[in-house]
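The values are calculated or read from the model by the stated rules, or taken from the named source; none is laboratory data. Being a predicted model, the structure only gives us computed values, none of them experimental. Positions of Cβ are backbone-derived with ideal geometry, glycine not excepted, and every protein chain shown enters the neighbour counts.
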């Protein structure tokens, strides 16, 4: 299990000339911060391709696809993770290897740790699976969520024409309806009408 607070993924590669490049999940090349490049120079490998989240000054890494002349994508995740920790853990404060729990007790402790830290959730990955990009059915995001009942009401004026397929939800406070926000409604569901009660699931 690894933390699930992921905004977008990126890969970083060390090339023969010592230069680095990143790419987002759309395959677009993105710039690498100079401070991060300095940290990548400390990695004891001639070349590598890593998967994770790239921010302005940190690289949160959860998978290693290749290192030097070895393609690891066909290896099980638990083997790739061993190579990842060997090459990246403790190298620099800017390079953060995502924590992974393998045993039942470690998983329970990790889930509690994430909950106590008010994290969005965690990701469960198949430890025996080869690497596959995108939604390949080998990892699942588990979010900490709660549900609550709300009354559907009119959208405030500033939200009325926002172009989103959403509804405004209200709670009753001292016999008066209080606007709590807007909630997106997936296309597969009909839009509830004003006055209806709805169950809303959200991150705790």
| From the residues in segment 153-164 that are in a loop (DSSP other than H, G, I, E, B) and without any contact (Cβ under 8 Å) to a residue 40 or more places away in the chain, which one is nearest to residue 111 (Cα to Cα)? | 164
| said: Which residue is farthest from residue 100 (Cα to Cα), if the candidates are limited to segment 44-53 and must be touching a helix residue (DSSP H, G or I) at 6+ places or on another chain (Cβ under 8 Å) and crowded, with 19+ Cβ neighbours inside 10 Å? | reply: 48
| field | Test for residue 152: is it assigned by TED's automatic domain parsing to the domain that holds residue 198, crowded, with 17+ Cβ neighbours inside 10 Å and in contact with a strand residue (DSSP E or B) (Cβ under 8 Å, 6 or more places away or on another chain) | value | yes
| task | Test residue 195 against the stated conditions and say whether it is at pLDDT 90 or above, not in a strand (DSSP E or B) and not assigned by TED's automatic domain parsing to the domain that holds residue 59. | result | yes
| query | Since residue 120 meets every condition but one in (1) over 18 Å from residue 183 (Cα atoms); (2) surrounded by 14 or more Cβ atoms within 10 Å (Cβ to Cβ), which condition does it not meet? | reply | (1)
| remark: Scanning segment 165-175 residue by residue, those surrounded by fewer than 13 Cβ atoms within 10 Å (Cβ to Cβ) and in contact (Cβ under 8 Å) with a residue 12 or more places away in the chain turn out to be 165, 172
| message | I'd like the full set of residues that are closer than 13 Å to residue 151 by Cβ and free of Cβ contacts under 8 Å to residues at least 12 places away in the same chain, limited to segment 176-191. | response | 176, 178
| Among the listed residues 144, 110, 150, which satisfies the condition of being within 30 Å of residue 194 (Cα to Cα) and in contact (Cβ under 8 Å) with a residue 60 or more places away in the chain? | 144
